[in-house]
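The values are calculated or read from the model by the stated rules, or taken from the named source; none is laboratory data. Just so it is clear, the model here is predicted, and its values are computed rather than measured. Here Cβ is always computed from backbone atoms with ideal geometry, including for glycine, and neighbour counts include all displayed protein chains. Areas reflect the complete protein model, heavy atoms only, side chains present, ligands, DNA and RNA absent. Shrake-Rupley method; radii C 1.70, N 1.55, O 1.52, S 1.80 Å.
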Amino acid sequence: MSEDHKNMWEDLGLALEPHDALLSVLGNAYKDIYLSQKERPQGMVYFDFVMSEVHGLRIRELLDEKAHGRKIIGSYCVFVPEEIALAANATLVGLCSGADFAEDDVETYLPGNTCALIKSAFGFKLGQVCPYVECSDMIVGENTCDGKKKAYETLGNLVSNLYVMDLPQMKSNDGKALLKAEYTRFKKAVEALTGVTIDAESLKKGIETVNNKRKAIHRLSRLRKANPAPISGLDALLANQVFFYDNPARFTESVNKICDELEQRIEKKKGVCPESTPRILISGCPMAVPNWKFPWLVESAGAVIVGEESCVGERGTRNLTDASGNTVDDLMDAIVDRYFKIDCAIFTPNPDRLNHIAEMAETYKADGVIHYGLQFCQPYAMESMPIEKALKAKNIPVLKIETDYSMEDVGQLKTRVEAFLELLK
Ligand code: BJ8
């Protein structure tokens, strides 16, 4: 790593030795999982570069933005509207929650039976290894599941800039009114942070920028319907993960370039695996960077993942925000409408998610669905039961798994995945 990077990390207050150790573990995992794949689209070289510079050049860019007065807002959830951040000249970044870190310290703040995602968020903060957390001017927590809700009370003592957003739990008129009130409050907080008053023009532009990212991902998803699959699930997941970190315009352009390449592959009937490869839809808890464990396991067992019903996937990106309004009020309503459709398992009842999984299984011609749950995640574990029943009633094979970020259960998971793939054949 360059001297500039080292100085930058030091200035951010990162713990240099643990940070170096983390980067080397991540680099090795990336090499083993990603660079060993065959028939990758050439355009993935861009994502390889992004990942190699995720704590390097991207952080330098964010620090340069800050030096020019732009604010950085960190977020843990897809309910935080990027449109509003962009309209106020701020940058929104996702905060890593995809790897275990500083576990002993974490256990002094959180009970052992907390999901890996929440523990990871704390581990990155307590271990001082996440430059995104350290360069955020505002960190947004959201009242979603009970675990996150209560964990933010504790996180508020560890960071000085936590902003907590309340969220509805029911898709009722009152629920929508709450979301609107919270997004209005968030808009005011972002305006106060940046000193920028959001107007119709800036909000429209913010909406269009985020919509363009989503449209590029929609295009990528549509191409994954092809058989043979033109891209691996691991690579598609990486694009969905980088969605939360990269410069929006550059991300859109890079995904569209990959799509151009995939269209040519499809025309030539070229894929990353033979046509007979079992096609899997993954549904459930989000997989944040660098959580590649389960997709790697599934694809190395001889299947291909063709879709993710996940917040790092189609649940997070599927709907666009209507940019046709001409006033801030109209556009804020459009943002509320768009985000209110997100069918996170914290909602009750939540029939949309079940319907969406069945629809995705059909659209992407999946041979089976794997429900991916993180241990101790009640909302997704609860929903996995009716989902399994409903899919089985439609003759769609389902495997339910629960795991965490450790590698201890890999052998056992592999056996279950292989048995499931046998069944599909
Ligand atoms: S909109 S899924 S990103 S809350 S895995 S922390 S639910 S115990 S991540 Fe999520 Fe927003 Fe919903 Fe999406 Fe809790 Fe479950 Fe842990 Fe979870």
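Summary table below
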read-out: Cα-centred dipole magnitude for the chain, charges only on beta-carbon of K, R (+1) and D, E (-1), debye, nearest 20; value: 1340
read-out: Accessible area of the chain belonging to carbon and sulfur atoms, whole % at 1.4 Å probe; value: 51
read-out: Mean separation of Cα contacts under 8 Å, 6 or more apart, over the residue count of the chain: relative contact order %; value: 17
read-out: Most positive-pole-ward Cα, Q412, A366, C377, against dipole of segment 361-418 from beta carbon charges; value: A366
read-out: Value of relative contact order over segment 184-299, rounded to a whole percent, pairs C-alpha under 8 Å and six or more apart; value: 32
read-out: Segment 226-277 shape via C-alpha gyration tensor axes, a/c threshold 1.5; value: oblate
read-out: Only Lys, Arg (+1) and Asp, Glu (-1) charged, at Cβ; segment 3-196 dipole about Cα centre in debye; value: 820
read-out: Anisotropy class of segment 62-204 from Cα gyration tensor, a/c 1.5 cut; value: oblate
read-out: Cα-Cα P(r), segment 269-425, percent of pairs per 10 Å interval; value: 10, 37, 33, 14, 6, 1
read-out: Qualifying aspartates and glutamates (Cα of each under 18 Å from Cα of K269; at least 8 residues distant if same chain); value: E39, D260, E261
read-out: Reachable lysines, given that their alpha-carbon falls under 19 Å from the alpha-carbon of K204 and they are not under 8 places away in the same chain; value: K180, K187, K188, K213, K215
read-out: In Å, descending, principal axis extents of the Cα set of the chain; value: 59, 51, 46
read-out: Whole-Å distance, taken between Cα centres, linking segment 241-272 and segment 319-372; value: 22
read-out: Mean separation of Cα contacts under 8 Å (6+ apart) over length of segment 3-196, as relative contact order %; value: 22
read-out: Top positive-direction residue, dipole computed over segment 3-196 with Cβ charges, set H5, V106, V140; value: V140
read-out: Surface accessible to a 1.4 Å probe, per residue, for the residues of segment 3-196, Å²; value: 43
read-out: Over 21 Å (Cα to Cα) - which of K293/K392; K392/K425; K225/K270; K365/K425 fall in this group; value: K293/K392
read-out: Value of [θ]222 nm, deg cm²/dmol, for the chain, DSSP H segments ≥ 4, -39500 (n - 2.57) each, nearest 500; value: -17000 deg cm²/dmol
